[in-house]
């Protein structure tokens, strides 16, 4: 890692061959060890005479990779054998449709809790399928908090309650996994594997891999068998979760899954979800402290709803934000711009982002305030 | 490439660090140059401070990759600007549902020509959506030929005619692109970019990339704008071709598309589709000549319907087939087993398979016949 002293005014610190500190919201930073292992396995994987991209998805070599990914996922999250671990395609955007297609009956209803951009997209797709209700929303408050579960207007006859436990764009996060009378489905794209989860209330947990789990191109779907059995029938084959729970139906996205397997092994070697959670708490606390300890920066989310993964903040003097983002990039701090729909700044602190990156950002922020404040 | 003389009886020719001749039907062989370029670009891509898997899909660096892939695809196939080039997910299996969902109206009908396993799967999914007719089928003949277009029972009011121009499992291939009164949709998974196509009759061409175009995890959809405008509305956002034709809607499978871009550049540098077609014709002719010139082997498909990509054949003495496949593997000739549903042998001769691989296979076949005939 080569990053110049953020207190200097030097520009472009590297010659371009070095890795920099990458705060991208997704696709996002991967562990360098994982990338080097993949590099080492090109153009021939593990004595099979071809790269991993060129072997049959019915081969023993690929079987072993997918099985290892599945077993590591179960171990890391403490999933019992009642849970199916599926590796699908299409990202969370496809799940927004696939969840109601499977679980929202014609004569039924589903409850949605809307805490940001992704939940808003999820309910839009669900409305194409059937009757949905907004059980809670913080839209009027610019999604600056997660409505407490005690305030939700729940329908006891709902087929499921859909939540977004971490909103990537808006930077808020549930601080507790809800356990309700109906199964909960969560879009955990930006937080899966960043913290231990209390699984009891969930029927299904899904996530695009490209934040904490791997590269873009594979969608993690964890589904409890009791919930799976409640799905509607018949369904289009590829969109029926049962198809993929029963067997490897079609050609999976081999390389993305191969990378996921490596990331899961990396996390397991590091001590698992508890270990990374402690690191993630420390990383985000350092950054929130820097924001709170200054009148130059301000957070956009209420303290009790802040995301550990996506830290959104503004300069009090908003005109300076493009300068901040540009200067940061010149200092090897990449992708600190907020989502195009909300502006400001966002630092995504996923599992694979080294703590050193946060320390460097905090130092840069102090120096930027000193020179521009 | 290290492959022992197939006339010797030596086993396991390599130490496992070498690439072997890979006849896999898909995921399939990729150009070695492409794999080495990807290796070279890990863990940092083109001076961006991160690997290609870790950068935003809205970044300039990724924009350039996807745009280059799109432009090379258009150039190689001679697609006018009336064609949309989409990079989707879910493989041909998802297209089997997505095509009728978009183009089979409730009061309409579609015609299907069934020439093998994949066409059979396609019509099964279409039946979930609406009224479909079998315009022609060679199922009674074990899919050993492609029914001539003059014999098809076409419905002039059909919304589209669906064909499978190359059947990977059964080893047959259309020798001519049909030009009918209604738009033709083809599953070209195993032949896209292996030959020039006469585009006039097509409304849409789709292909899982994992044969001639790239690794698994991205689906190529080429769709003419006139046909696109005929789709039904409204549709689920992610399954509406119009969503993806209009803009980059969601996170694409970045790494698979990055690999596709490299494969397309490789093909362009090699002289394009005409150049590879000449090589492919020569490769397949050599293998068919070896089959036809012996009483020990026999082809499974009529001469006028044979695939240039997937050469299916049997030993007259079928009991010896497992020995053939095992011995071939020991001699560095990988994945020569037929699909699990049909047995026998299959040599997939995709673009990236070197001609030397076919020469080596033909020599091995002669030696195997000499020692086991």
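Residue by residue, here is whether (1) assigned by TED's automatic domain parsing to the domain that holds residue B:138; (2) surrounded by fewer than 23 Cβ atoms within 10 Å (Cβ to Cβ) holds:
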| position | (1), (2) |
| --- | --- |
| B:243 | yes, yes |
| B:285 | no, yes |
| B:292 | no, yes |
| B:334 | no, no |
| B:350 | no, no |
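Assessment of region A:75-90 against the conditions (within 22 Å of the chain's Cα centre (by Cα), facing another protein chain (nearest Cβ under 7 Å) and either within 28 Å of residue A:275 (Cβ to Cβ) or not in a strand (DSSP E or B) (or both)) yields at least one matching residue.
Residue-level check: of (1) within 13 Å of chain B (Cβ to nearest Cβ); (2) within 30 Å of residue A:233 (Cα to Cα), residue A:25 misses just (2).
Each row is one residue, and each column tells you yes or no for (1) modelled with pLDDT under 95; (2) facing chain A (nearest Cβ under 7 Å); (3) buried (at least 20 other Cβ atoms within 10 Å of the Cβ); (4) in contact with a strand residue (DSSP E or B) (Cβ under 7 Å, 6 or more places away or on another chain).
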position: B:9; (1), (2), (3), (4): yes, no, no, no
position: B:12; (1), (2), (3), (4): yes, no, no, no
position: B:17; (1), (2), (3), (4): yes, yes, no, no
position: B:29; (1), (2), (3), (4): no, yes, yes, yes
position: B:38; (1), (2), (3), (4): no, yes, yes, no
position: B:42; (1), (2), (3), (4): no, yes, no, no
position: B:52; (1), (2), (3), (4): no, no, yes, no
position: B:62; (1), (2), (3), (4): no, no, yes, no
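Just one of the listed residues (A:166, A:179) is crowded, with 24+ Cβ neighbours inside 10 Å and on the phi < 0 side of the Ramachandran plot, namely A:166.
Within region B:128-154, how many residues are closer than 28 Å to residue A:234 by Cα and assigned to a loop (DSSP other than H, G, I, E, B)? Walk me through it before giving the result.
Within region B:128-154, the subset closer than 28 Å to residue A:234 by Cα is B:128-137, B:139.
This time we only want the ones that are assigned to a loop (DSSP other than H, G, I, E, B), so: B:130.
Summing the residues that are closer than 28 Å to residue A:234 by Cα and assigned to a loop (DSSP other than H, G, I, E, B) in region B:128-154 gives 1.
Of the residues screened, residue B:135 is not one that is in contact with a helix residue (DSSP H, G or I) (Cβ under 6 Å, 6 or more places away or on another chain) and either on the phi > 0 side of the Ramachandran plot or buried (at least 20 other Cβ atoms within 10 Å of the Cβ) (or both). Out of all the residues in region B:316-327, is one or more crowded, with 21+ Cβ neighbours inside 10 Å and closer than 26 Å to residue B:116 by Cα? Within region B:316-327, one or more residues are crowded, with 21+ Cβ neighbours inside 10 Å and closer than 26 Å to residue B:116 by Cα.
Restricting attention to region B:355-373, the residues that are closer than 21 Å to residue B:33 by Cβ, out of contact with any helix residue (DSSP H, G or I) (no Cβ under 6 Å at 6 or more places or on another chain) and buried (at least 18 other Cβ atoms within 10 Å of the Cβ) add up to 2. Do we find that residue B:125 is part of a helix (DSSP H, G or I), closer than 18 Å to residue B:189 by Cα and in the same structural domain as residue B:184 (by TED's automatic domain parsing) in this structure? Against the criterion (part of a helix (DSSP H, G or I), closer than 18 Å to residue B:189 by Cα and in the same structural domain as residue B:184 (by TED's automatic domain parsing)), residue B:125 qualifies. What is the one condition in (1) more than 14 Å from chain A (Cβ to nearest Cβ); (2) within 16 Å of residue B:69 (Cβ to Cβ) that residue B:214 does not satisfy? So residue B:214 meets the others, but not (1).
The values are calculated or read from the model by the stated rules, or taken from the named source; none is laboratory data. What you see is a predicted model; the values in this text were computed from it and never measured. Here the Cβ is made from the backbone with ideal geometry for all residues, glycine too, and neighbour counts use every protein chain on show.
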